[in-house]
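The values are calculated or read from the model by the stated rules, or taken from the named source; none is laboratory data. Note that the structure is predicted; figures quoted are calculated from it, not measured. Cβ placement follows ideal geometry from the backbone for every residue including glycine, while neighbour counts extend to all protein chains displayed. Accessible surface is based on the protein model in full, side chains and every heavy atom, while ligands, DNA and RNA are left aside. Shrake-Rupley method; radii C 1.70, N 1.55, O 1.52, S 1.80 Å.
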Amino acid sequence: MKVNGYAATEQKARLTPYSYDLGAIGSEQVDIKVFYCGICHSDLSMINNDWGMTQYPIVPGHEIIGEVIAIGNAVKNVRVGDKVGLGWMSASCMSCEQCMDGEHHLCSKGEATIVGRNGGFADKVRGHWSWAIPLPEGIDMSKAGPLLCGGITVFNPIILAGVKPTDKVGVIGIGGLGHMALKFLKHWGCEVIAFSSNPNKKKAILNMGASQVIDSTSPEELESITGKLNFILNTTNVSLDWNSYLTALAPKGRFHTVGAVLEPMAIPAFSLIMGEKSVGGSPIGSPALTKTMLEFCVRHKIYPDVEEFPMEKVNEAIEHLENGKARFRVVLKNK
């Protein structure tokens, strides 16, 4: 099957039209016609080879919404014509301890959609049936793409941390990830404190459901919530004064990061010990949890704020994101 997409042929290159053949479909694989594909910062990192694992040419794109158009002879759970989503992972081994325990996203042999293979900035994409997540009835497909990566990335920590509706929580960085975390936690029933360094976003953040916006550049404002938060989720990828946030946690509070901070995080031991606090992190989530998240989104009408570009204007869309102009996710649409 021939695929027409857009690829970067070298580090930091603009994307250009690129065609390739998928070859014969595997017995447990599905081919998906791409309707929409979100642009994630991970796509930019892979285009720029920030993580040192990019193979060129690369067709980015891993927040994919589309329709199954072909299946292998051993595919389960999905059929031709089904509307599905494909996120950061496109396959897992289905036999290791993690897969057998339902934690497919922790499979050491897992296949990422844009690592060593081509993704969704194209008219078609292929993946294992287990990661082709069936879309719930009534979902808005034009806005659902970012939920398949950014959405599940911030939804999974809420489950891992056992966040309760009565908790007072914080979200650091109200951007592509953070604004979805804010919406999830608000509908979870929590009181949500947003940490932001951009005063121009304050009104929008409050409208999303935050009860308070703390200026993350102000030591005085950070000090005002000392010991008050049960859970803090960091969505930024830059180094911050981590101790200020650990101090904001109540005893037994949990600090969780999904932001890919490249530098080591300086965590003072006594800030953890004296309050029995903990620090953790996580990637995406399992296929089952992703399906649950999508159903939660439909039930509560939770979607990311998106800006839509036609697929052929992919470079304009990438520049829009790189320049910090996205409010708050960018989605590409195929004709």
Within segment 97-136, restricting attention to residues that are more than 16 Å from A288 (Cβ to Cβ) and free of Cβ contacts under 8 Å to residues at least 40 places away in the same chain, which residue is farthest from the chain's Cα centre (by Cα)?
E97
Counting just the residues of segment 75-91 that are open to solvent by less than 10 Å² (accessible area, probe 1.4 Å) and outside any strand (DSSP E or B), which one comes out nearest to I25 (Cα to Cα)?
V78
In segment 4-16, is there at least one residue being at pLDDT 95 or above, touching a strand residue (DSSP E or B) at 6+ places or on another chain (Cβ under 6 Å) and among the β-branched types (V, I, T)?
no
I'm checking my understanding of the structure. Among residues of segment 215-234 that are within 14 Å of V279 (Cα to Cα) and not hydrophobic (A, V, I, L, M, F, W, C), which one is least open to solvent (accessible area, probe 1.4 Å)?
N234
Conditions first: (1) in contact with a Gly (Cβ under 7 Å, 6 or more places away or on another chain); (2) closer than 23 Å to C149 by Cα. L44 passes all but one, so which condition is the exception?
(1)
Would you check which residues across segment 168-194 are more than 19 Å from A260 (Cβ to Cβ) and among the hydrophobic types (A, V, I, L, M, F, W, C) and list them?
V169, L182, F184, L185, W188, C190, V192, I193, A194
Just for segment 258-298: of the residues that are touching a Leu at 6+ places or on another chain (Cβ under 9 Å) and part of a strand (DSSP E or B), which one is farthest from H128 (Cα to Cα)?
S278
If you go through E316, E276, the only one that is at positive phi and acidic (D, E) is E276
Going by what's in this entry, would G26 be described as among the small types (G, A, S) and closer than 21 Å to G81 by Cα?
yes
Among the numbered conditions (1) more than 21 Å from G253 (Cβ to Cβ); (2) open to solvent by less than 50 Å² (accessible area, probe 1.4 Å), tell me where V169 comes up short.
(1)
Only strands (runs of 3 or more DSSP E) wholly contained in segment 192-257 count here; list those with 3 or more residues that are closer than 21 Å to F155 by Cβ and not acidic (D, E).
229-234, 249-257
Could you please let me know if I193 is of a type in the set (A, V, I, L, M), within 23 Å of E221 (Cα to Cα) and either modelled with pLDDT of 95 or more or open to solvent by 10 Å² or more (accessible area, probe 1.4 Å) (or both)?
yes
Positions within segment 119-133 being open to solvent by 30 Å² or more (accessible area, probe 1.4 Å) and under 24 Å from P310 (Cα atoms), in sequence order
D123, K124
Go through the residues of segment 279-286 one by one and say whether even a single one is at pLDDT below 95 and open to solvent by less than 40 Å² (accessible area, probe 1.4 Å).
no
Select from segment 1-29 the residues that are outside any strand (DSSP E or B) and either in contact (Cβ under 8 Å) with a residue 60 or more places away in the chain or under 26 Å from H128 (Cβ atoms) (or both) and list them in ascending order.
M1, R14, L15, L22, G23, A24, I25, G26, S27, E28
It is to be established whether one or more residues within segment 30-46 are open to solvent by less than 50 Å² (accessible area, probe 1.4 Å), out of contact with any Pro (no Cβ under 8 Å at 6 or more places or on another chain), part of a loop (DSSP other than H, G, I, E, B) and of a type outside the set (S, T, Y).
no
